[in-house]
Amino acid sequence: MAEILLSLTIIGVVAAITLPSLTGNINERTWNTQRKALYARFSQAIALMPSLNGYGTLEGAISADGTQSVAQDTAAETFVTEGLSKVLKINNICDADHLADCGVPTTVTTLDGSTAFSSFPKTLVDFNSYFNWTHSNQGYIYTYRQLNTKAAAFETQNGESIVVYYNPNCAPSMNETDSFKVQPKMCANFVYDLNGSKGPNTVGKDIGFITAIYPSDSVVVAPMPIANVSGTMAKQADAGKLCSGLDSESRLPNNEELIAMFTNTNLIGHKNIWNIWSSTLLSPTIGWQLSGPTGILFRTSRTTSLYVKCIKR
């Protein structure tokens, strides 16, 4: 009997140690599968829409002195009701004042473990203030102003809760060969919670984002940033090798994925994303880098050492 009790005790201790890890691994695999399935559905749906801009009514504009007024608008809500719902199965739809009715969590834990928001933002500029800013650096003044559209939310038939931040005046790709601001390229940004308001409400687990870029011939991306090499600097070619060497799914983000990361900087938790390498090349010797505080993609010699942020696609 004593030996049986001892054996049971040992089994209990081992189970207590290993069970949380096993459960966590199962959850990680489940979330990863759900994330990829959700991205596939959104990619197919967006491809069926003729254009992503022009939805909704906008009231309120940028004044002559450049100050930003909050738009009293229906743009994001109309984008969902009259656009997205035609190509994607959607259940409940909620306006900016009732996001919680669509299962949107109150707070979200960022990739770096901090709290992203005390309550989920109701407008685009509240979600990311870099859509309305003035920044000076080395004698240059950078300014960007965008109409501060209200958010909307909806629930899918699979139980995901989605918040939408929408730019009804988004700009197409011009195949730029010189520096350009990324904010105008973002048409719709979707912050998803794979299991509604249930926990853990953490980026990289049940929380993530999908970004639709360019109004026509849209590109849909869903980069999942990883923090393994944060603070590391390298040349462009070495940066790519550093990311791909982490595991089989890790990559250096391309230009569109950097636009998505910039849009969701508060969720990622890196508020000062300076000089990050892109995998997109302009030529064999010139690459692109993102300046996070300005939202500008710069052309840069590939031999320059810049910061490395890796993602999983």
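A few points about this structure:
- Checked against the criteria, A260 does not count as in contact with a helix residue (DSSP H, G or I) (Cβ under 8 Å, 6 or more places away or on another chain) and at pLDDT 95 or above.
- Checked across the stretch 174-181, the condition of being closer than 28 Å to R41 by Cα, within 20 Å of the chain's Cα centre (by Cα) and of a type in the set (F, W, Y) holds for no residue.
- Residue list for the stretch 182-203, filter: farther than 17 Å from S114 by Cα and surrounded by fewer than 20 Cβ atoms within 10 Å (Cβ to Cβ): P184, G196, S197, K198
- Set side by side, the residues D247, D206, D217 differ, and just one is of a type in the set (D, E) and either crowded, with 20+ Cβ neighbours inside 10 Å or closer than 22 Å to H135 by Cβ (or both), which is D206.
- Here G199 does not fit the description of being closer than 23 Å to V80 by Cβ and assigned by TED's automatic domain parsing to the domain that holds A37.
- Within the stretch 15-53, considering residues that are polar (S, T, N, Q) and at pLDDT 95 or above, the one surrounded by the fewest Cβ atoms within 10 Å (Cβ to Cβ): Q44
- The stretch 250-313 holds strands (runs of 3 or more DSSP E) entirely within its bounds, and those carrying 1 or more residues that are of a type outside the set (A, V, I, L, M, F, W, C), in contact (Cβ under 8 Å) with a residue 12 or more places away in the chain and under 20 Å from N132 (Cβ atoms) map to 286-291.
- Qualifying residue in the stretch 54-73 (condition: in contact with a Phe, Trp or Tyr (Cβ under 9 Å, 6 or more places away or on another chain) and either modelled with pLDDT of 95 or more or part of a helix (DSSP H, G or I) (or both)): no
- Test: residue in the stretch 151-162 that is under 21 Å from T294 (Cβ atoms) and surrounded by 18 or more Cβ atoms within 10 Å (Cβ to Cβ): no
- Considering only residues in the stretch 109-136 that are in contact (Cβ under 8 Å) with a residue 24 or more places away in the chain, under 13 Å from G295 (Cα atoms) and of a type in the set (S, T, N, Q), the one that is surrounded by the most Cβ atoms within 10 Å (Cβ to Cβ) turns out to be N128.
The values are calculated or read from the model by the stated rules, or taken from the named source; none is laboratory data. All values derive from a computational prediction rather than experimental measurement. Backbone-built Cβ (ideal geometry, glycine too); neighbour counts: all protein chains shown.
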